[in-house]
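Trainee: Got a structure for you, questions after.
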Amino acid sequence: MTSSWNDRFSPRMAHVRASEIRELLKLLDQPDILSFAGGIPDPALFPIARIAELYGEVLAEAGDQALQYSVSEGLPALRRWIAERMTAQGAPCDEGNIIITAGSQQALDLIGKLFIGRGDAVLVERPTYMGALGAFNAYEPSYADLGGDVPAGARLAYVVPDFANPSGRTMPRREREALLARATAHDLVVIEDGAYRDLRFTGTDEPSILALDVARSGGIEAARTLYCGTFSKTLSPALRLGWVCGPRAVIDKLVLLKQGCDLHVSTINQMVAARVVAEGYEDHLERLRKHYHARASAMQAALARHMPLGVSWSKPQGGMFVWLTLPEGLDGAQLLEAALAEERVAFVPGGPFFAVDPEPNTLRLAYSLLSPADIDEGVRRLGRLIEGRLAYAGSNVARAATGRA
């Protein structure tokens, strides 16, 4: 072969980048590293024993049907349960408004494929979920700040309104309503990523953007919001079960795209999940909330105890993440290199969470996986490193001011 494989790839591959988080997750295999990198559910919370029992029950009762091909829309029983839950949360719908996807990540990819053409503008927050950028990038969009002017050619607005990945921020109701008003004025489709919505551990619930949209427009078929949900943060990531809730006209097109992608999500996984959620799912969620609340409280206490002056951070009411802003002049990517080498601590630098104009003096810490004691120790090490970098920078400034080399 006389030419490189790179010469044969489609032009869209120039927009596809490796996930920084996926690469950092490899560090979890190193036992001496305290990792705040991945937003990984605590496996102690997985209902392992019950899931194991249910696989046996499903195989005994459903037989070969559990291992067979199934409909692309997803298992009717699971879609009905999701529709009932969405209805109870203020967005009346039925199973025809639901498609089951291989996690919400596939939902984002299918939505990107359906709506984004080359050069179309997608409005995103600053910062935003880098997995959404990864899903959309292959379709060659441009990006604009959700809080800025809406450019010509804008098609989508993507938001994580509850305990956002990476910032931990929750969008107040007035901002949700203002977003819908702007979306209506500019004919935008709103993608609501609800991955963390069920993990509120303090404060008052905000209505979903979809619920506000349904109330505003008169019904889900007239809504412009697509809600992406997932069981990855509540049951298990390995089940690879997410969903999209939206107007049937959109769901029908997503079904066609899924048929060309992977036909359907694992039949047996859907059957097991449908039984798990029918058996005290709210009690299970309450256990998760208490658990992550304790971790979040440990993180906030550790940051207050160990971070030097000049460092600020978010105070989430749910989810798995805290967002740190460092003093100007510090770079999160450079800090990570030092943190791994000198302190054996991992986190995700903030830069990749920005679609344009990254802010390098930021980083994301996930508190979901480490124990409170390890959270405190990891933050102590990180605070010591940051303080040392600030002292070094200060000494250089002082030397420059006095004319010393």
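Trainee: If only one of A211, A183, A215 is on the phi < 0 side of the Ramachandran plot, surrounded by fewer than 20 Cβ atoms within 10 Å (Cβ to Cβ) and assigned to a helix (DSSP H, G or I), which one is it?
Mentor: Testing whether each residue is on the phi < 0 side of the Ramachandran plot, surrounded by fewer than 20 Cβ atoms within 10 Å (Cβ to Cβ) and assigned to a helix (DSSP H, G or I) leaves just A215.
Trainee: Would you say E61 is assigned to a helix (DSSP H, G or I) and either under 30 Å from P166 (Cβ atoms) or acidic (D, E) (or both)? So that I can check it myself, show each step before the final result.
Mentor: Values: assigned to a helix (DSSP H, G or I): yes; either under 30 Å from P166 (Cβ atoms) or acidic (D, E) (or both): yes.
Considered against the rule, which asks whether it is assigned to a helix (DSSP H, G or I) and either under 30 Å from P166 (Cβ atoms) or acidic (D, E) (or both), E61 comes out as yes.
Trainee: Just checking, how many residues over segment 331-356 are over 15 Å from A132 (Cα atoms) and β-branched (V, I, T)?
Mentor: 2
Trainee: For segment 191-205, name all the residues that are at negative phi and touching a strand residue (DSSP E or B) at 6+ places or on another chain (Cβ under 9 Å).
Mentor: I191, E192, D193, G194, A195, Y196, R197, D198, L199, R200, F201, T202
Trainee: Looking at (1) over 20 Å from the mean Cα position of the chain (by Cα); (2) assigned by TED's automatic domain parsing to the domain that holds R389, which is the one condition that is false for G318?
Mentor: (1)
Trainee: Keeping to segment 200-211, report how many residues are without any contact (Cβ under 8 Å) to a residue 60 or more places away in the chain and of a type in the set (A, V, I, L, M, F, W, C).
Mentor: Qualifying residue count for the region: 1.
Trainee: A further question follows. Can you pull out every residue in segment 60-77 that is surrounded by 10 or more Cβ atoms within 10 Å (Cβ to Cβ) and of a type outside the set (A, V, I, L, M)?
Mentor: Once the filter is applied, which keeps residues that are surrounded by 10 or more Cβ atoms within 10 Å (Cβ to Cβ) and of a type outside the set (A, V, I, L, M), segment 60-77 yields E61, G63, Q65, Q68, S70, S72, E73, G74, P76.
Trainee: Going through segment 187-200 one residue at a time, which ones are crowded, with 16+ Cβ neighbours inside 10 Å and not basic (K, R)?
Mentor: L188, V189, V190, I191, E192, D193, G194, A195, Y196, D198, L199
Trainee: For I191, only one of the following conditions fails: (1) within 22 Å of Y367 (Cβ to Cβ); (2) assigned to a strand (DSSP E or B). What is its number?
Mentor: (1)
Trainee: Go through segment 358-405 and report how many residues are modelled with pLDDT of 85 or more, part of a helix (DSSP H, G or I) and not hydrophobic (A, V, I, L, M, F, W, C).
Mentor: Residues meeting the conditions: 12.
The values are calculated or read from the model by the stated rules, or taken from the named source; none is laboratory data. Since this is a predicted model, take the numbers as computed values, not measurements. As a convention, Cβ positions derive from the backbone with ideal geometry for all residues, glycine included, and neighbour counts pool all protein chains shown.
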